[in-house]
Amino acid sequence: MSLPDRNNPYSFNEFLEWRKTVDYYADDPFIQKVVAHYTGRDRDEVDAAARDISLKASFRWRDMADSIAWPEKRPWMMHYDGHGNRIDRIVRPDETMTMEKEIFGERLFAAGDTEWVKLIRMFIIYQNGEACIACPVTCTEGLVKLLEKYADTPETRRILDHCRDGFEDDVAIGAQYLSEIQGGSDVPANVLEAVQDGDTWRLYGTKFFCSATHADYAVVTAKPRGSEKVALFVMPSWLPGDKEREKRNSFTIDRIKWKMGTSELTTGEITFNGSVAYPVGPLDRGVANVVGIVLTYSRLTVGLSAAAFMTRAVREAKKYSEFRDAFGITIGNFPLVRAQIEEIDNFTKRTTAGAFRLYSEFLSLPGGLKGGLVTDEPPETRRKRFEVRELIMLQKITASWDCTDVIRRAMSIFGGHGVMEDFSCLPRLYRDSAINELWEGPRNVLLTQMHNDFKRASEWYPPGEFISSILKGSDPGLVEEISQEFEELVAHPDLFRGDEATLDVCRRWDRLCHRICHIYQDCALAEVEGLVPAGMEE
Ligand SMILES: Cc1cc2nc3c(=O)[nH]c(=O)nc-3n(C[C@H](O)[C@H](O)[C@H](O)COP(=O)(O)OP(=O)(O)OC[C@H]3O[C@@H](n4cnc5c(N)ncnc54)[C@H](O)[C@@H]3O)c2cc1C
């Protein structure tokens, strides 16, 4: 019975009280199981680090991330100061600056910490969405890894120290500027020019997508004058002593973009006019190093952050379904709602388990990362390296795609409240997730790259054997079926022809790659649920 009541007593307080007290790690038995399964001998250390950072991320940083998402707090550009000096200051709210200082102050990439500690800390921080943190954290990681391999001058070694361990309480932030106006996917077609002037290299030209524009250093792709090969450089945003004076390193931030997601972070368009930059790695290996090192880390992070975004969204949707009533029934008791919750929960768990399993395979690569399809190693190592390379791309396209879907479906559990930006963080996570699909290699580019890779590698790694190896543990009938279709599609000459046969191959390739990644993730999930402690058998 429902009689009129002019003082409608309804409130969301019970749900909000729960939400206020959730600890992202301590209250999530599944992620604890994942950690216990994949982190081997490091598990106690990883568990302790997770509990520690979760106390900050789940409460203080969560509130800061929510607060800076308000439209009136969006960052904006101040091109000139009051005395006519060009400064291109990115003006951001105090909360952003404070949270950034605290998170970078955690020294996520400090020398000596285990990779698993870093990974779990990132997973927990990413549950707060982009928040002007996720992208710069990943970019800094890529920069650190690049410099750990190539820093060989006082300048580059200093940048490495600054990003990794920091100077006193100042830990530097990295960015990566590759994309140009004519195209972001085709890095070899970059035209930004690098000119050697005595011992100094200087950059000239433009970049069209420069996120984390407030960063201290950026990895920049450019062609040395007269060369057709892209080289990699690290460019300080300010030369020593200039940051305080806000005198940028001979570049201007021409404008910042108005974008749908990751809105708390700026993406700028930049003109370089003689910016000092330091070469990293051989000048003719820029593309191999940027893809093989920098983008590898970013793509792994996209998979991890997709799992983190889903975890947060699904946790809140699930709880809401236990709180909200409609037609006198708690909505989670409607079989339709329950089935949807179960499905998105399963997507979240498979994505999380898959991300950790892939990371464990990544960590097992002998000698760490190498750019390109390396050919001078023993066959087993070469195959393992190839598997990880392709799985990173498979995960990037699948996890980012699923994430947007899962969050949209989680939003629908909230009904109309699902799209209200001031009701929950789900709309923000949804917008951020749409960006994750695009940057660090959009879907079609990676699908094409994988097709090319499998063709090139098929002599020493037949596609069917690849499938059997990465899907080991799955139903043999299913593996056989997938292997056959995979071999057939890889045998197609390329994905560039305009004929019907190629269109058909493209449709099937897109679907099949997605499916393969799901099966890989399902194997990981089964492993986690079966609780076979990886790495602890001996
Ligand atoms: C919010 C945001 C922030 C960004 N920040 C940065 C940044 O900080 N640094 C940076 O360097 N870049 C950044 N990017 C750029 C991003 O990496 C590029 O947008 C991306 O690489 C694609 O480039 P493009 O936009 O020029 O698309 P294009 O290269 O023009 O591609 C357009 C379409 O064509 C498809 N396509 C292209 N090539 C192929 C192919 N060979 N086969 C099949 N299909 C193909 C693509 O999949 C896509 O669907 C950012 C992008 C966004 C959205």
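The numbers here are math on the coordinates, done by the rules we state, and not lab data. None of the values given here were measured: they were computed from a predicted structure. Neighbour counts are summed over all protein chains in view; Cβ atoms, including those assigned to glycine, are modelled from backbone coordinates with ideal geometry.
Name the long-range amide H neighbours of residue 255: under 5 Å, sequence gap of 5 or more, or other chain; modelled H, no Pro or chain starts.
269
To one decimal place, what Kirkwood hydrodynamic radius in Å is obtained for region 310-384 from all pairs of distinct Cα atoms? Numbers along the way, then the final one.
Details: mean 1/r = 0.0637 Å⁻¹.
Result for region 310-384, one decimal place: 15.7 Å.
Take the Cα radius of gyration of region 55-179 and divide it by 2.2 N^0.38 Å, with N its residue count; two decimals is plenty. Could the numbers behind the result be given before it?
On the way: Rg = 15.9 Å, N = 125, 2.2 N^0.38 = 13.8 Å.
The reported ratio for this selection is 1.15.
Got a sec to turn the phi values of region 316-324 into Karplus ³J(HN,Hα) couplings, 6.51 cos²θ - 1.76 cosθ + 1.60 with θ = phi - 60°, whole Hz, x for Gly and Pro?
6, 5, 4, 5, 4, 5, 8, 9, 7
So between residue 79 and residue 420, what do we pick up on full extension, going 0.36 nm a residue minus the alpha carbon distance? Before the final figure, lay out the partial values.
Working: separation 341, 0.36 × 341 = 122.76 nm, distance 3.34 nm.
Length gained between residue 79 and residue 420: 119.4 nm.
Starting with the fewest neighbours, write out 126, 359 ranked by other beta-carbon atoms found within 10 Å of each beta-carbon.
Values: 126 27, 359 22.
Least to most surrounded, the residues fall as 359, 126.
Please report the antiparallel percentage of DSSP beta bridges with both residues in region 86-245, rounded to the nearest 5. Intermediate results must be reported in sequence, preceding the final value.
Numbers: 13 of 19 bridges.
In region 86-245, DSSP labels about 70 percent of beta bridges as antiparallel.
Can you bin every Cα-Cα distance in region 342-484 into 10 Å intervals starting at zero and give me the percent of pairs per bin, rounded to whole numbers?
10, 32, 33, 16, 8, 1
Could you give the length gained on full extension between residue 14 and residue 182, defined as 0.36 nm per residue of separation minus the Cα-Cα distance, in nm? Before the final figure, lay out each step's value.
Values: separation 168, 0.36 × 168 = 60.48 nm, distance 5.19 nm.
Gain on stretching residue 14 to residue 182: 55.3 nm.
Just the Kirkwood number for region 376-445, please: inverse of mean 1/r across all distinct Cα pairs, in Å, one decimal. Numbers along the way, then the final one.
On the way: mean 1/r = 0.0713 Å⁻¹.
Kirkwood hydrodynamic radius for region 376-445: 14.0 Å.
How long is the gain from residue 70 to residue 459 if the chain were fully straight, where each residue apart is worth 0.36 nm and the alpha carbon distance is subtracted? Write down the numbers at each step before the final one.
Numbers: separation 389, 0.36 × 389 = 140.04 nm, distance 5.41 nm.
Extra length available between residue 70 and residue 459 comes to 134.6 nm.
For a Förster distance of 35 Å, can you work out the FRET efficiency between the beta-carbons of residue 504 and residue 412, rounded to the nearest 0.05?
Values: r = 33 Å, r/R0 = 0.94.
For R0 = 35 Å, the calculated efficiency reads 0.60.
To the nearest 0.05, what FRET efficiency results for residue 444 and residue 44 with a Förster distance of 45 Å applied to their C-beta separation? Numbers along the way, then the final one.
Details: r = 43 Å, r/R0 = 0.96.
After rounding to 0.05, the efficiency reads 0.55.
When 1/r is averaged over all different Cα pairs and the result inverted, which Kirkwood radius in Å belongs to the chain?
On the way: mean 1/r = 0.0408 Å⁻¹.
Here the Kirkwood hydrodynamic radius works out to 24.5 Å.
Per-residue HN-Hα couplings for region 145-161, Karplus 6.51 cos²θ - 1.76 cosθ + 1.60 at θ = phi - 60°, whole Hz, x for Gly and Pro?
Calculated HN-Hα couplings, in order: 5, 5, 6, 4, 8, 10, 4, 9, 10, x, 5, 6, 5, 5, 5, 4, 4 Hz.
In square nanometres, what is the average projected area of the Cα convex hull of region 250-389? Don't skip to the end; give the middle numbers.
On the way: hull surface 54.1 nm².
Mean orientational projected area (region 250-389, Cα hull): 13.5 nm².
³J(HN,Hα) across region 46-54 via Karplus (A = 6.51, B = -1.76, C = 1.60, θ = phi - 60°), whole Hz, x for Gly/Pro?
Here the 3J(HN,Hα) series is 5, 4, 5, 5, 5, 4, 5, 6, 5 Hz.
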